[in-house]
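The values are calculated or read from the model by the stated rules, or taken from the named source; none is laboratory data. What you see is a predicted model; the values in this text were computed from it and never measured. Every residue, glycine among them, receives a Cβ derived from its backbone with ideal geometry; neighbour counts consider all protein chains shown. Note: areas computed on protein heavy atoms with side chains; ligands, DNA, RNA excluded. Shrake-Rupley method; radii C 1.70, N 1.55, O 1.52, S 1.80 Å.
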Amino acid sequence: MATPLLQVHNLNVEAGGNRILTGIDLEIAPGEVHAIMGPNGSGKSTLAHVLAGREGYDITAGEVLYEGRNLLELEPEERARGGVFLAFQYPVEIPGVNNTYFLKAAVNAVRKHRGETELDAMDFLALVKEKMKLLEMDDSLLNRPVNEGFSGGEKKRNEILQMALLDPRLAVLDETDSGLDIDALRIVARGVDSMRGAERSFLVVTHYQRLLDYIVPDHVHVLANGRIVKSGGKELALELEEKGYSWIDDEVVKEAR
Amino acid sequence: MIRVEGVPGLYAKRFAELETQCSDDGSCWLGPLRQQAMQSFEAQGFPTTRLEEWRYFDLGPLRKTELHHVHDRERVNLRRETLAGYHVHCLPGALLVFVDGYFEPVLSATRSLPAGVEVRDLATAIRMQPDLLGEHLGRYAQVERNAFVALNTAMLYDGAFVHVPRGVVVDSPIHLMFVSTGTRGPTVSHPRTIVVAEEGAELTLIEDYVSTTDDVYFTNPVIEIALAPNARLEHYKLERDSKKAFHVAGMAVHQERDSRFASTSISFGGHLVRNDVSCMLDGEGAECTLNGLNVIGEHQLVDDHTRIVHAKPHCTSEELYKSILDGFAEGVFNGAIVVAKDAQKTSSQQTNRNLVLSRHALMNTKPQLEIYADDVKCSHGATVGELDEDASFYLRTRGIDADTARRILTYAFANDVLGRIVIEPLRKTVESELFAFIPVGLDTKQPC
Ligand SMILES: Nc1ncnc2c1ncn2[C@@H]1O[C@H](COP(=O)(O)OP(=O)(O)OP(=O)(O)O)[C@@H](O)[C@H]1O
Ligand SMILES: [Mg+2]
């Protein structure tokens, strides 16, 4: 097996005095797609945020290695430039900042870090329009403030657009499918799927099998109460869809005995 | 009124000078106005922080500064090249330049004005047009309300006069540049501007306060604006004084039926800055919009006091004031809205938003609504906040560093007020001042 792109060992996280993640272990090899499912409040977004570098969490134990390096000591922007991307469950609205300006600033920040030349306005526009076409996004979204007044679906597409522009090695998608109608889901999922490759890995947080119909995962994990309580192949997602989460609880309880 | 002290010697001396030289400069007809103002200033004295209206505006530093008036003979010869660096790049239209309070014809250009439009120095207008001027001068800016309006009026000598006749539209902005050189020790000037727009007239006016040095000086301007029925004025004030300057200004607007006044006031400079703005909506259907943006740091203080009086029914007023405060800066917003008993169907909206970038900076904001009519729509809201952490994190997860994220968000905060600056060259100038405060990698240098 190739050296993992991401290694999470015994990750314990607290916030506001609550223990949220209690001993997460996870390894993602280059090119793999891992899905994380789990009930509301189980800690999925917390894991995603900790990987992206959000402040306000206490890492009380464990480590996270990305490309073999300690990810947790890096600033969020350093992680992003190094190829870690988070598609937010709730993308942030930024009034007063033009979407094009924002996207260009982001692309050029990352390009600069990679030693590539920064794109000028023309080249950037060509690139962004090509990617938008793929996601069937309306050009007018470029001239609006970042996410402000975007519909739920437009926000999610804007996230995937950013992913496509930033060309990450590890993409963490936090419920990118929530709030999408059936057509939008298909478009977004195909967009994501087209980015799959031997060098790129995905950590996909979702509640629904329907996303995984398009982005077929190599591994599925169930997160409950801050722990991965079960892992399996793609069939696990189908089983969850059918039976819900309660049977796992029973199983875990049995195992514990 | 609490009388603090008598008139400081320099003002008494200046007042006497103006009285003696009035027969030479043709300003003797102003004698009664100046005298009344002087008495009023004497009676009021410099306000202290014990007065509610001046609570946050401590004049101590101004009082301790030894100032002097520049005399006609000893004016600073400001070179054209020196001034060029301060021009609003690519701005068309008439330009009047005042240096330390005096009109400087060599640096000015009143080109391409439509027939009948007068844009000239006030000293000339005082001499040539006492009748027209007499109808407006001192009528809107009331000396009893404000000691600094009284002081300006008592020291009245030069400034600008703008008169647009009935139905005339002036397309290009009229730019008034008040330059302080501060080169010969701390100076004081009291420029007065009178703007008269007759029925249906339209114009755009920019008041611009600049300094060619970093020195201490005191500018005490007053502008009076009379808008006849259906007249329109788009007004801008750009205050980019030296960081050591004192700037205590008054603006009084009188609006008749269906007139429209829109003002955007931007402050970057000054150590102690005060803007007293009063708008009298004195005819049905009049509209008044006041916007403000203050971007300050260090130990700067900008104090905005606005007062909009809805005297007649069916008038509309809207206010959007924003401040960005860094360092030890302090901001004050006090927005009074007065709706008279008969002013039914008044619509008034006031918004004051403030971004505090440092934990030492401070904002004092207070709406002040006095509503005597019952059928009105009045709303107001004020916020004081820090940069949005979530937005900052979002930008950083896209590779944008923390410092740039902070700058982008600061710029974004100011963006809606900037958007209200319709004149593109002026907006660019304001943006570049803003970028100097928060350098953002945006390219603002563009050909005209
Ligand atoms: N900063 C915080 N302070 C206190 N508690 C927090 C904080 N952040 C998250 N939590 C709590 O941690 C738990 C996990 O939250 P998280 O958002 O990770 O859940 P999730 O699995 O993403 O849920 P959902 O499926 O609803 O998105 C919740 O109970 C939440 O309230
Ligand atoms: Mg979540």
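The distance between label points at B:HIS380 and A:GLU27 comes to 6.6 nm (points 7 Å beyond Cα on the Cα→Cβ vector). Specify the angular offset, from 0 to 90 degrees and rounded to the nearest 10, of the alpha carbon long axis of helix A:246-256 from the longest principal axis of the alpha carbons in chain A. Long axis of A:246-256 versus the principal axis of chain A: about 50 degrees. For the stretch A:51-98 and the stretch B:322-340, what is the separation of their Cα centres, given in Å? Each part reduced to its Cα centre gives a spacing of 37 Å. Taking only the alpha carbons of the stretch A:131-232, we obtain Rg and Dmax values of 14.3, 45 Å in that order. With all protein chains in place and ligands, DNA and RNA left out, the 1.4 Å accessible area ranks B:GLU433, B:GLU424 as B:GLU424, B:GLU433, largest first.
Each part reduced to its alpha carbon centroid, the stretch A:17-47 and the stretch B:74-115 end up 66 Å apart. Short-range pairs are left out: with C-alpha atoms under 8 Å and at least six residues apart, the relative contact order of chain B is 10 percent. For B:THR193, what is the net charge nearby, where nearby means another residue's Cβ is under 12 Å from its Cβ and Lys, Arg count +1, Asp, Glu -1? Every neighbour counted, the sum reads -2.
For the protein assembly as shown, the C-alpha radius of gyration divided by 2.2 N^0.38 Å, with N the number of residues, is 1.19.
Under the simplified labelling scheme, the B:HIS87-A:ARG114 pair shows an inter-label distance of 4.5 nm, with each label point 7 Å from Cα along Cα→Cβ.
Rank these residues by their accessible area, most exposed first, probe 1.4 Å: A:ILE20, A:ILE160.
Listed by decreasing accessible area, they come as A:ILE20, A:ILE160.
Mean silhouette area of chain A, derived from the convex hull of its C-alpha atoms and averaged over all directions, reads 14.3 nm². In straight-distance terms, cross-link reach from A:LYS155 covers every one of the lysines whose alpha-carbon lies under 23 Å from its own, apart from those fewer than eight places away in the same chain; here that gives A:LYS44, A:LYS104, A:LYS129, A:LYS131, A:LYS133. If one computes the Cα centroid of the stretch B:126-184 and of the stretch A:104-151, what distance in Å separates the two points? Cα centres, the stretch B:126-184 to the stretch A:104-151: 50 Å. Just to confirm a number: summing +1 for Lys and Arg and -1 for Asp and Glu over residues other than B:ASP401 whose beta-carbon lies under 13 angstrom from that of B:ASP401, what do you get? Its environment carries a net charge of +3.
Placing +1 on the Cβ of every Lys and Arg and -1 on the Cβ of every Asp and Glu, with no other charges, gives the protein assembly as shown a dipole of roughly 700 debye about its Cα centre. In degrees from 0 to 90, rounded to the nearest 10, what is the angle of the helix A:234-243 Cα long axis to the longest principal axis of chain A? The two axes meet at around 70 degrees. Kindly provide the helix-only [θ] at 222 nm of chain B, computed as the sum of -39,500 (n - 2.57) over DSSP H runs of four or more divided by all residues, to the nearest 500 deg cm²/dmol? Calculated from helices alone, the mean residue ellipticity at 222 nm is -7000 deg cm²/dmol. Across the stretch B:177-257, the relative contact order, built from alpha-carbon pairs under 8 Å that are at least six residues apart, equals 36 percent. In a fully extended conformation the segment linking A:SER178 and A:GLU73 would gain 34.7 nm over its present Cα-Cα distance, using 0.36 nm per residue. Accessible surface for B:TRP29 stands near 90 Å², nearest 10, in the context of the full protein assembly shown (1.4 Å probe). The phi-based Karplus calculation (6.51 cos²θ - 1.76 cosθ + 1.60; θ = phi - 60°) puts the 3J(HN,Hα) values of the stretch B:212-229 at 8, 9, 9, 8, 7, 7, 10, 10, 10, x, 9, 10, 10, 10, 10, 10, 6, x Hz, whole numbers, x for Gly and Pro. Per-residue surface analysis assigns B:LEU133 an accessible area of about 0 Å², computed on protein heavy atoms at 1.4 Å probe radius. DSSP finds beta bridges in the protein assembly as shown, and of those with both partners inside it, around 20 percent are antiparallel. Remark: the stretch B:341-356, residue by residue, has Karplus-estimated 3J(HN,Hα) of 4, 8, 7, 5, 6, 6, 10, 9, 9, 10, 10, 10, 10, 9, 10, 9 Hz, where x stands for each Gly or Pro and the curve is 6.51 cos²θ - 1.76 cosθ + 1.60 at θ = phi - 60°. Each residue of the stretch B:184-189 was assigned a 3J(HN,Hα) from its phi angle through the Karplus expression (A = 6.51, B = -1.76, C = 1.60, θ = phi - 60°), giving 10, x, x, 9, 10, 9 Hz with x at Gly and Pro. Dimensions of chain B along the principal axes, based on C-alpha atoms and rounded to the nearest Å, stand at 71, 54, 49, largest first. With semi-axes defined as the square roots of five times the eigenvalues of the C-alpha gyration tensor, the equivalent ellipsoid of the stretch B:6-103 measures 30, 23, 14 Å, largest first.
Summary value for chain A: 27 percent relative contact order, contacts being C-alpha pairs under 8 angstrom separated by 6+ residues.
Sorting B:PHE15, B:PHE218 on solvent-accessible area from highest to lowest, probe radius 1.4 Å, gives B:PHE15, B:PHE218.
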